[in-house]
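**Student:** For reference, the structure I am asking about is given below.
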There are 2 protein chains.
Amino acid sequence: MAKRGMLIVLSGPSGVGKGTVRKALFEDPQVDFNYSISMTTRTPRSGEQNGVDYYFVSKQAFEEHIKNGEMLEYAKYVDNYYGTPLKYVNQQLDAGHDVFLEIEVNGALQVRANCPDGVYIFLTPPDIKELRSRLLHRGTDDLTVINKRIQTASKEIRMMQNYDYAVVNDKISNAVAEIKNIVKSERLKVNRVMPDYLTSLGDEI
Amino acid sequence: MAKRGMLIVLSGPSGVGKGTVRKALFEDPQVDFNYSISMTTRTPRSGEQNGVDYYFVSKQAFEEHIKNGEMLEYAKYVDNYYGTPLKYVNQQLDAGHDVFLEIEVNGALQVRANCPDGVYIFLTPPDIKELRSRLLHRGTDDLTVINKRIQTASKEIRMMQNYDYAVVNDKISNAVAEIKNIVKSERLKVNRVMPDYLTSLGDEI
């Protein structure tokens, strides 16, 4: 039986740039873990593709998945569902592959409760002012939505304490390098390698 | 007041190459943490310098340090004392500098008990056979000493579980790169950055 893969979770406030960092990460040829595509009921933004950025589904289809216990996590966020289908994640982990999730903070807490040995990374804005500015410049949301998001983000930044690592998204290439480093280091954690190591010693001890 | 520095502890079985890895690490110009030189009562090996590799002191002088509570940790190992003088470590940590110790496993356990928020790295031989071969090739010890060391190392490998990370010393440059990565990642741990981050948010939240 293959050693079970490692679950890597990237989360952070809405507007911090999780999607951009994740895309840059998976454009790096050195990255050897698999991305689990999230499912959402929100409208695709310009340039987003179904089955690449998200699985874009109807509210009814999403609720059907919840009812059937087919979601690892899900959250309702600014009137839309976001979540991770369970099947792909389990298949990959069981086959010994590391799996990367980029999800909302409520979802990350649910995953942490079920998979405490995962690696939980919180992407933070350099400061709250920059978060506000990013949302304004994106220009896809009206002011009411933006203010609601700022309030939510303020709460979410305090949720950093539920994560293992905090990566500041000051520059995408820095954030990508730091996430790659974290994954490399986590693979050297004693609780991950000890079983293999004891086996490799065989009868010699 | 400066933020307190991080304590980084490298340990592992005798003969695994801790000293060689530590030397290579501190030859790297990117390394920005400080090395705390150990104190020992053992005879210097060929090429070793007092105040560089170790503080080489008499048994009487070492026992005086123990009596005066001036040691962070110490252990008697193959009839010699090895230990870390407390003063330098505290000065550096208080000034906000990260401090690196390369010490024996008994000493590492003592440090862990006093400083649970340090980073504990276990350097392992690729396998126990290679450890034996390294000791034989070093040619500085007689067979009785070697057999005693092999037995001790077998026990020490099981002590891996008392560490955070296991780095295999298959190639010095790999081990150095992995230790550098671990330190970088540990600096992103939420429990280390959260206080600074909350301060930086100021009144905005």
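**Student:** Just which residue of chain A brings its Cβ nearest the axis of rotation onto chain B, and by how many angstrom, rounded whole?
**Tutor:** Chain A residue with minimal Cβ-axis distance: A:S185, 2.
**Student:** Lysine pairs, Cα distance under 17 Å, 8 or more residues apart or cross-chain: how many in chain B?
**Tutor:** 17
**Student:** Could I ask something else about it? Summing Lys, Arg as +1 and Asp, Glu as -1, what charge do residues with Cβ under 11 Å from the Cβ of A:G83 carry, A:G83 excluded?
**Tutor:** Neighbourhood net charge equals -3.
**Student:** How many partner chain Cβ atoms sit within 10 Å of a residue's Cβ in peptide B:176-188, on average, as a whole number?
**Tutor:** Taking all residues of B:176-188 together, the mean is 5.
**Student:** Hey, what number do you get for the protein assembly as shown at 222 nm if only DSSP H runs of n ≥ 4 count, each worth -39500 (n - 2.57), divided across all residues, to the nearest 500?
**Tutor:** One gets -14000 deg cm²/dmol as the mean residue ellipticity at 222 nm.
**Student:** Select from A:P85, A:P126, A:P195 the residue whose mean-square fluctuation is largest in a Gaussian network model of chain A (Cα-Cα springs shorter than 10 Å).
**Tutor:** Evaluated over chain A, the most mobile residue of the options is A:P195.
**Student:** For the stretch A:1-103, take every pair of Cα atoms, bin their distances at 5 Å starting from 0, and report each bin as a whole percent.
**Tutor:** In order of increasing distance, the bins hold 2, 12, 21, 25, 20, 13, 6, 1, 0 percent.
**Student:** A further question on this structure: At R0 = 51 Å, how high is the FRET efficiency between B:E63 and A:V52 if r is their beta carbon distance? Nearest 0.05 is fine.
**Tutor:** So the FRET efficiency works out to roughly 0.15.
**Student:** Restricting to bridges with both residues inside the stretch A:1-153, how much of the DSSP beta-bridge set is antiparallel, in percent to the nearest 5?
**Tutor:** For the stretch A:1-153, the DSSP antiparallel bridge percentage is about 35.
**Student:** Okay, next question. Through the Karplus equation 6.51 cos²θ - 1.76 cosθ + 1.60, θ set to phi - 60°, convert the phi angles of the stretch A:184-189 into ³J(HN,Hα) values in whole Hz; use x for Gly and Pro.
**Tutor:** With coefficients 6.51, -1.76 and 1.60, one gets 4, 5, 4, 5, 9, 4 Hz.
**Student:** Return the sequence-ordered ³J(HN,Hα) values of the stretch B:160-175 in whole Hz as given by the Karplus equation 6.51 cos²θ - 1.76 cosθ + 1.60 applied to θ = phi - 60°, using x for Gly and Pro.
**Tutor:** For the stretch B:160-175, the Karplus-derived couplings read 3, 5, 8, 10, 8, 10, 10, 10, 7, 8, 7, 8, 4, 5, 5, 4 Hz, x marking Gly and Pro.
**Student:** What per residue convex hull volume, in Å³, comes out for the protein assembly as shown when only alpha-carbon positions are used?
**Tutor:** That works out to 154 Å³ per residue.
**Student:** Over chain B, with a Gaussian network built from C-alpha contacts below 10 Å, which listed residue (B:L72, B:L136, B:L101) shows the highest mean-square fluctuation?
**Tutor:** B:L136
**Student:** Let me ask something additional. What do the square roots of 5 times the Cα gyration tensor eigenvalues come to for the stretch B:90-144, in whole Å, largest first, as semi-axes of the equivalent ellipsoid?
**Tutor:** Gyration-tensor ellipsoid for the stretch B:90-144: 32, 12, 11 Å.
**Student:** Output, in nm with one decimal and in ascending order, the distances from the B:K155 label point to the matching label points of the other copies (7 Å from Cα along Cα-to-Cβ).
**Tutor:** Between copies, matching label points for B:K155 lie 5.5 nm apart.
**Student:** If the elastic network links every pair of Cα atoms under 10 Å, which of B:H97, B:H65, B:H137 fluctuates the most in the Gaussian network model of chain B?
**Tutor:** With Cα springs under 10 Å in chain B, the top fluctuation among B:H97, B:H65, B:H137 is at B:H137.
**Student:** Another one. Between B:T20 and the same site in the other copies, what are the distances in nm, shortest first, taking label points 7 Å from Cα along the C-beta direction?
**Tutor:** 4.6
**Student:** Also, quick follow-up: Over the Cα atoms of the stretch B:89-195, each weighted equally, I'd like the Debye log10 I(q)/I(0) at q = 0.11, 0.20 Å⁻¹, rounded to two decimals.
**Tutor:** -0.44, -1.19
**Student:** Now for a different question. Taking the inverse of the average 1/r across all pairs of different Cα atoms in chain A, what Kirkwood radius in Å do you get?
**Tutor:** After inverting the mean inverse Cα-Cα distance, the result is 18.1 Å.
**Student:** Using a label position 7 Å from Cα in the Cα→Cβ direction, what is the ascending list of nm distances from A:Y55 to the same site in the other copies?
**Tutor:** In nanometres, ordered from closest: 6.3.
**Student:** Which whole-Hz couplings ³J(HN,Hα) result when phi for each residue of the stretch B:34-47 is put into the Karplus expression 6.51 cos²θ - 1.76 cosθ + 1.60, θ = phi - 60°, listed in order with x for Gly and Pro?
**Tutor:** My calculation for the stretch B:34-47 gives 9, 8, 8, 6, 7, 10, 8, 9, 6, 5, x, 7, 3, x Hz in order.
**Student:** What residues qualify as long-range amide H neighbours of B:Y55, i.e. H under 5 Å apart, gap of 5 or more or another chain, H built at 1.01 Å from N?
**Tutor:** Those lying under 5 Å, H to H, from B:Y55 are B:S38, B:M39, B:T40.
**Student:** Enumerate the residues in the stretch B:15-38 having an amide nitrogen under 20 Å from the point lying 7 Å beyond the Cα of B:S133 toward its Cβ.
**Tutor:** Only B:15-21 pass the distance filter.
**Student:** Around A:M71, which amide H atoms from residues at least 5 apart in sequence, or from another chain, sit under 5 Å from its own amide H, with H modelled in the peptide plane?
**Tutor:** A:L86
**Student:** If you fit an axis through the alpha-carbon atoms of helix A:18-27 and take the longest principal axis of the Cα set of chain A, what angle between them do you get, 0 to 90°, nearest 10?
**Tutor:** Compared with the principal axis, the helix lies near 50 degrees.
**Student:** Taking H placed 1.01 Å from N in the peptide plane, check which residues at least 5 places from A:Y35 or on another chain put their amide H under 5 Å from its amide H.
**Tutor:** Under 5 Å from the amide H of A:Y35 lie the amide H atoms of A:F100, each far enough along the sequence or on another chain.
**Student:** So, counting K/R as plus one and D/E as minus one, what does the shell of residues with Cβ under 13 Å around B:L143 add up to?
**Tutor:** Combined, the nearby Lys, Arg, Asp and Glu give +2.
Bear in mind that the values in this text are calculations on the coordinates, not laboratory data. In this text, all values refer to a predicted model and were calculated from it rather than measured experimentally. Cβ sites come from the backbone with ideal geometry, for glycine too, and all protein chains shown count toward neighbours.
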